[in-house]
Structures are given as structure tokens and as C-alpha cells.
Amino acid sequence: MKIAFFDVKSYDREVFEPKLKAAKIRAKFYDTRLDEEDAVLAKGCDAVCVFVNDVVNKAVIDQLNEYGIKIIALRCAGFNNVDFKYAAAKGIKVVRVPAYSPYAVAEHAMALLLTSTRKIHKSYIRTRDFNFSLQGLTGFDLYGKTVGVIGTGKIGRVFIDISKGFGMNVIAYDKFPSDIPGVEYKALDDIYKEADIISFHCPLTDDTRHMFNLGTLGKIKPGVVIINTSRGALIDAEALLEGIKTKKIGAACLDVYEEESGYFYEDLSGSIIDDDTLSRLISMPNVIVTSHQAFLTKEALENIATTTIENIRQIDSGEECKNIVS
Ligand code: NAI
């Protein structure tokens with residue numbers, strides 16, 4: 001078994017290399033993303049291992065098929081970047097890591113919210129410059145506020161528990177509601193209408209793409225804080241910017257962005273950013289952007305590597321694998 005890893009960072013290699021060695025699996029590590037141009041790098045391998053911004057569309061799958069790739073292993077939970085139906089039609093198995101640390105993502109969502117509401121990002125920079133003024137740093141209590149959680153799966157539930165710990169009222173929307181004590185499910189429009197804080201935790205699908213759009217701006221409570229640690233395209237970025245500019249939205253905490261591919265995970269500090277919407281959002285005093293880092297904890301990386309290798313081993317040995325995307 002030989003695997004071509006794409007979009008690899010040093011922290012990926014550190015955690016994968018010893019585990020691959022122990023499993024006697026050979027690997028090629030590429031920092032380039034998988035796409036039509038670079039799919040050729042998978043030649044001579046049996047599997048590819050990809051991340052959130054690799055492009056695994058029909059054209060790429062055709063190339064992988066030609067090179068004899070049998071497994072596309074996502075080292076993440078979301079799989080919106082893979083045409084998994086087309087891969088299945090070509091006899092290529094797509095596997096993912098459905099859960100590695102819902103705590104990592106939910107805790108990051110709360111970290112962003114607290115940073116935003118208590119303006120920690122501003123005070124950190126001020127005090128480093130020995131500016132101890134409190135001017136403009138007034139925040140608000142989370143206690144007693146209503147948080148609307150959209151998507152109450154693994155991450156959404158942890159975020160709900162954390163929110164309850166802060167004494168917030170939790171309302172939720174999910175296409176497939178379940179029974180969570182102390183949580184009232186509501187229609188999506190009612191979440192938009194009633195919530196002081198809205199946190200997105202549902203997957204990106206045809207149903208959910210731009211579920212927050214220009215029309216949503218007419219429904220939300222003025223001053224609402226929007227948190228997105230799920231997938232960028234759940235939110236129409238132009239509509240979000242419009243909401244910030246018109247002051248309908250009080251603050252936005254974004255770990256993901258609709259057009260993040262090509263920007264996120266790269267050091268572009270010396271470059272001109274072409275994406276005006278991203279630049280404008282980042283320039284706003286009430287928008288906090290992190291670079292799709294919510295998953296990035298030691299525990300999550302360990303679990304991602306262990307599960308990815310086990311997924312590949314199970315498929316290679318013909319065992320049942322519960323993490324196949326179908
Ligand atoms: P999950 O599968 O446990 O939960 C997703 C929930 O969304 C389920 O309750 C499901 O019923 C609900 N849902 C499905 N379709 C929906 C719709 N149309 N409208 C409303 N709700 C819907 O997934 P999990 O582990 O909680 O992850 C959620 C998302 O978080 C992932 O899809 C992924 O995109 C994102 N994620 C982001 C990370 C980051 O580093 N920023 C890391 C890991 C996941």
C-alpha cells in the first residue's frame with residue numbers, strides 16, 4: 001500500500017509518519033493541493049489522502065481511476081469537496097473521519113465568540129503596545145442571551161453544552177431534530193428572528209448552501225453575532241458583508257469562508273489579496289477570521305491519523321469499514 005498525501009503541512013507529517021511506519025504503509029507527502037493539474041502526482045500509489053480544500057471532482061476522479069487509485073481517504077469530516085457518487089461509480093472507495101474531536105471545533109467556536117464579545121483581540125494588541133485604555137472595549141454578558149444552534153450533530157451538541165454552561169438559553173434548528181434536554185427546536189426563520197447569537201454546525205449540502213443570504217438580513221435580530229465554524233458557503237459572504245456594513249449584524253466570527261481555497265492555510269502576508277469581500281470582512285473591527293483552524297488540536301490530529309490509517313487498512317484488507325461515504 002502506498003498513499004499520496006496532498007495539501008500536507010508539517011503538523012500532518014509529524015502525526016502521520018510514525019503511524020504509517022508502524023502500519024508498514026509507504027507514503028508520498030505533497031504540500032500541493034490535489035486538483036486536475038497535480039493529480040498526476042498520485043501515479044504509482046494505491047490511495048490518495050486529501051483535506052478540505054483539495055478538489056476531487058469528476059475530472060480528478062477520472063485521472064485517479066486511470067492511475068489505479070482505489071481509495072480516496074479524507075482526513076476530515078466534511079466531504080463536500082469530493083464527488084463521492086462519481087467515485088463510487090468508478091469503483092473508488094471514499095472514506096472520511098466522521099468524528100475526531102467535536103470538542104476541538106465547539107471550543108474554538110466559543111473561543112471566537114468570547115474573543116468577539118469581550119474584544120480580547122483588541123485588548124491583546126493594545127496592551128502589547130502598553131496602551132492600557134479601556135475605551136471602546138465594552139462587551140456584553142453571554143449569561144441570559146439566546147443562542148441559536150443550526151445543526152445539532154456531534155459538534156453542535158458540544159457547543160450546546162458549553163453554551164448552557166454559560167447560562168445561555170439554547171434554541172436549535174436541524175433538518176433531523178432529536179431530543180436534547182433543555183433545547184427547543186424551532187423553524188430556521190424563528191432562529192433567525194429570536195437568537196442573539198447564531199452558530200452554524202450543519203454540513204454543506206445543496207440544501208444548506210447560502211442558508212444565510214440577503215433575505216436573511218430582513219429576519220435577524222439587530223446586533224446578532226454570527227459564528228461559522230462549519231463550511232464557508234453556508235453563508236453568502238456578500239450578504240454577510242452587507243449585514244456588517246448596514247450594522248444589522250453586530251459581529252461575525254468566521255473560521256471558514258466561502259472562497260477560502262487558495263487563501264486559507266497559506267502565508268500570504270506579503271501578497272495582494274484579490275478577494276475584495278474577504279479583505280473587506282477582515283478589515284472590519286467586529287469581524288474575526290481564523291484560517292479553518294477549529295480542528296487543530298493535538299487530540300484531533302492524533303484521532304484523524306489513527307482513523308485515516310485504519311480506514312485504509314480495513315478497505316485494503318476487504319474488511320467492513322463504517323466510515324465509507326455513500
Ligand atoms: P454531524 O454529522 O454530527 O452533524 C451535522 C448535523 O447537521 C446533523 O444533526 C444533521 O441532521 C444536521 N443537518 C444535516 N442537513 C441539515 C440541513 N439541511 N439543515 C440543518 N441541519 C442539517 O457533523 P459534525 O461532526 O457535528 O460536523 C458539522 C460540520 O462541521 C461538518 O459538516 C463540517 O463541515 C464542519 N467541520 C468543521 C471543522 C473546522 O475545522 N472548522 C472541523 C470538523 C467539522
Open item on the list: Please count how many residues of the range 120-168 are assigned to a helix (DSSP H, G or I) and within 16 Å of the ligand (Cβ to nearest atom).
Closed with: 10
Open item on the list: Anything in the range 244-271 that is small (Gly, Ala, Ser) and either within 15 Å of Ile288 (Cβ to Cβ) or within 16 Å of the ligand (Cβ to nearest atom) (or both)? List them, or say none.
Closed with: Gly250, Ala251, Ala252, Ser261
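Residues checked against (1) farther than 28 Å from Gln293 by Cα; (2) touching a Phe, Trp or Tyr at 6+ places or on another chain (Cβ under 7 Å); (3) charged (D, E, K, R); (4) surrounded by fewer than 22 Cβ atoms within 10 Å (Cβ to Cβ):
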{"residue": "Asp31", "(1), (2), (3), (4)": "no, no, yes, yes"}
{"residue": "Val55", "(1), (2), (3), (4)": "no, no, no, yes"}
{"residue": "Ile71", "(1), (2), (3), (4)": "no, no, no, no"}
{"residue": "Phe79", "(1), (2), (3), (4)": "no, no, no, yes"}
{"residue": "Tyr103", "(1), (2), (3), (4)": "no, no, no, yes"}
Task: Yes/no for Phe176 being modelled with pLDDT of 95 or more, in contact with a helix residue (DSSP H, G or I) (Cβ under 6 Å, 6 or more places away or on another chain) and not in a strand (DSSP E or B) - done: no
- [ ] Spot the failing condition for Ala73; the list is (1) more than 9 Å from the ligand (Cβ to nearest atom); (2) hydrophobic (A, V, I, L, M, F, W, C); (3) in contact with a helix residue (DSSP H, G or I) (Cβ under 7 Å, 6 or more places away or on another chain); (4) closer than 23 Å to Leu254 by Cβ, and only one is missed.
- [x] (4)
- [ ] Could you list, in sequence order, all residues of the range 298-326 that are of a type in the set (S, T, N, Q) and open to solvent by 40 Å² or more (accessible area, probe 1.4 Å)?
- [x] Asn303, Thr306, Ser317, Ser326
Open item on the list: Quick check on Ser178: is it in contact with a strand residue (DSSP E or B) (Cβ under 8 Å, 6 or more places away or on another chain), within 16 Å of the ligand (Cβ to nearest atom) and of a type in the set (Gly, Ala, Ser)?
Closed with: no
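Would you please name the residue that is nearest to the ligand (Cβ to nearest atom), looking only at residues in the range 226-237 that are outside any loop (DSSP other than H, G, I, E, B) and surrounded by 24 or more Cβ atoms within 10 Å (Cβ to Cβ)?
In the first step, residues of the range 226-237 are kept if they are outside any loop (DSSP other than H, G, I, E, B); the result is 226-228, 232-235, 237.
In the following step, the residues that additionally are surrounded by 24 or more Cβ atoms within 10 Å (Cβ to Cβ) were identified as 226-228, 235.
Working: Ile226: 15, Ile227: 11, Asn228: 9, Ile235: 13 Å.
That would be Asn228.
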- [ ] For residues that are of a type in the set (Val, Ile, Thr), farther than 18 Å from Leu188 by Cβ and touching a Lys or Arg at 6+ places or on another chain (Cβ under 9 Å), tally how many sit in the range 223-254.
- [x] 1
Open item on the list: I'd like to check something: does the range 201-211 contain any residue that is in contact (Cβ under 8 Å) with a residue 12 or more places away in the chain, in a loop (DSSP other than H, G, I, E, B), over 27 Å from Asp141 (Cβ atoms) and of a type in the set (Val, Ile, Thr)?
Closed with: yes
- [ ] Sort through Ala251, Ala237 and tell me the only one that's farther than 24 Å from Ser10 by Cα, under 22 Å from the mean Cα position of the chain (by Cα) and touching a residue at least 60 places away in the same chain (Cβ under 8 Å).
- [x] Ala251
Task: Within the range 272-295, considering residues that are over 19 Å from Leu112 (Cβ atoms), open to solvent by less than 60 Å² (accessible area, probe 1.4 Å) and not in a helix (DSSP H, G or I), the one farthest from the ligand (Cβ to nearest atom) - done: Ile273
TODO: Of the numbered conditions (1) in contact with an Asp or Glu (Cβ under 9 Å, 6 or more places away or on another chain); (2) open to solvent by 70 Å² or more (accessible area, probe 1.4 Å), Arg128 fails exactly one; give the number of that condition.
DONE: (1)
- [ ] Test each condition in (1) open to solvent by 70 Å² or more (accessible area, probe 1.4 Å); (2) touching a strand residue (DSSP E or B) at 6+ places or on another chain (Cβ under 7 Å); (3) not charged (D, E, K, R) for Pro18 and report the one that comes out false.
- [x] (2)
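Restricting to the range 76-101, give me the number of residues that are within 11 Å of the ligand (Cβ to nearest atom) and not aromatic (Phe, Trp, Tyr).
Keep residues of the range 76-101 that are within 11 Å of the ligand (Cβ to nearest atom), which gives 76-81, 96-101.
Retained after the next criterion (residues that are not aromatic (Phe, Trp, Tyr)): 76-78, 80-81, 96-99, 101.
Residues meeting the conditions: 10.
The values are calculated or read from the model by the stated rules, or taken from the named source; none is laboratory data. Since we're looking at a predicted model, the values are computed, not measured. With ideal geometry, Cβ positions are generated from the backbone for all residues, glycine too; neighbour counts draw on all protein chains shown. Quick note on the areas: whole protein, heavy atoms, side chains included, nothing else; ligands and nucleic acids left out. Shrake-Rupley method; radii C 1.70, N 1.55, O 1.52, S 1.80 Å.
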